[in-house]
Amino acid sequence: MIVVNVKNLTFAYSGREVVLRDISFEVSTGEVFVIAGDSGSGKTTLCRILCGIIPHAIKGCLSGQISIMDIDPFFAGLPKTALSVGMVFQDADSQIICTTVEDELAFVLENLCWKPEDIRFRVDELIAEFGFVGLGRTNPVHLSGGQKKLLTIASVLAPAPPILILDEPFSGLDNESRELVRAAINEQRNRGRTVIIVEHDFKMVSFADRYMVIDSGVLAG
């Protein structure tokens, strides 16, 4: 089943030149799909559009058609879009905002007005799934780089969106931490979740199902 359908997407930040031009592609359920390209090619901008950050939090001129699980992020807004797609930024420290692991995992659910007992149950599930047993009250500043990345992945998956976007998830990590992240990605694929990865180094994502290359804002392959 097609869960991401983008047709003729063009975007320019306010008062700037076009960043993405006439981008079209599809992603299916359970795929690990890589968006590759050099720095400044428009990869991260594309992902911000897919998860609704653009144009709701960052403004610009957007045209084309976007369907994420049959919703258009442009019209759905951030809260509704977050139920379909979650995005993990390149810098984990910039995304972690709470002072304990379990509070970080609960944050999105609290903002979605989940019941306290449901939040507790879901947080316990995520703690077990991502290897944080015994670390629930730990301040994230004391986690390793790989653990911080896993925490950001777990937190955006708290409301169980079927699509996960990872912006250069291996950046700044040692080999051991990279293996932790790869294992987490493969686990999500095994669970039927669609994973979209932004990456410039193909060696890091040799396990992916498909690749799409963006060069200076246009599709190169």
Item to complete: Being in contact with a strand residue (DSSP E or B) (Cβ under 9 Å, 6 or more places away or on another chain), assigned to a helix (DSSP H, G or I) and surrounded by fewer than 20 Cβ atoms within 10 Å (Cβ to Cβ) narrows it down to one of Lys80, Lys149, so name that one.
Response: Lys80
Fill in: Top-ranked residue in the stretch 157-173 [being surrounded by fewer than 21 Cβ atoms within 10 Å (Cβ to Cβ) and in contact with a Gly (Cβ under 7 Å, 6 or more places away or on another chain); ranked as modelled with the highest pLDDT]
Leu173
Discussion item. Looking at Gly86, Gly64, can you tell me which residue is closer than 30 Å to Glu125 by Cα, part of a strand (DSSP E or B) and in contact (Cβ under 8 Å) with a residue 40 or more places away in the chain?
Written reply: Gly86
Practice prompt. Examine the stretch 49-61 for a residue that is modelled with pLDDT under 95, exposed (fewer than 15 other Cβ atoms within 10 Å of the Cβ) and either β-branched (Val, Ile, Thr) or touching a helix residue (DSSP H, G or I) at 6+ places or on another chain (Cβ under 8 Å) (or both), and state whether such a residue exists.
Written response: yes
Worksheet item: Consider Cys47 against the criteria (1) assigned to a strand (DSSP E or B); (2) closer than 20 Å to Ala208 by Cβ: it satisfies all of them except one. Which criterion is unmet?
Response: (1)
Worksheet item: Do we have any residue at all in the stretch 124-138 that's surrounded by 21 or more Cβ atoms within 10 Å (Cβ to Cβ), in a helix (DSSP H, G or I) and within 18 Å of the chain's Cα centre (by Cα)?
Response: yes
Fill in: Every residue from the stretch 188-215 that is of a type in the set (Asp, Glu), assigned to a loop (DSSP other than H, G, I, E, B) and surrounded by 13 or more Cβ atoms within 10 Å (Cβ to Cβ)
Asp209
Item to complete: With the checklist (1) surrounded by 15 or more Cβ atoms within 10 Å (Cβ to Cβ); (2) in a loop (DSSP other than H, G, I, E, B); (3) not hydrophobic (A, V, I, L, M, F, W, C) in hand, flag the one item Thr99 doesn't pass.
Response: (1)
Practice prompt. Take the stretch 26-35 and flag every residue that is in a strand (DSSP E or B) and either within 17 Å of Met87 (Cβ to Cβ) or of a type in the set (Asp, Glu) (or both).
Written response: Glu26, Val27, Val32, Phe33, Val34, Ile35
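The values are calculated or read from the model by the stated rules, or taken from the named source; none is laboratory data. Only a predicted model underlies this, so the values are computations on that prediction, with no experimental measurement involved. Please note: Cβ atoms are built from the backbone with ideal geometry, for glycine as well, and neighbour counts cover all protein chains shown.
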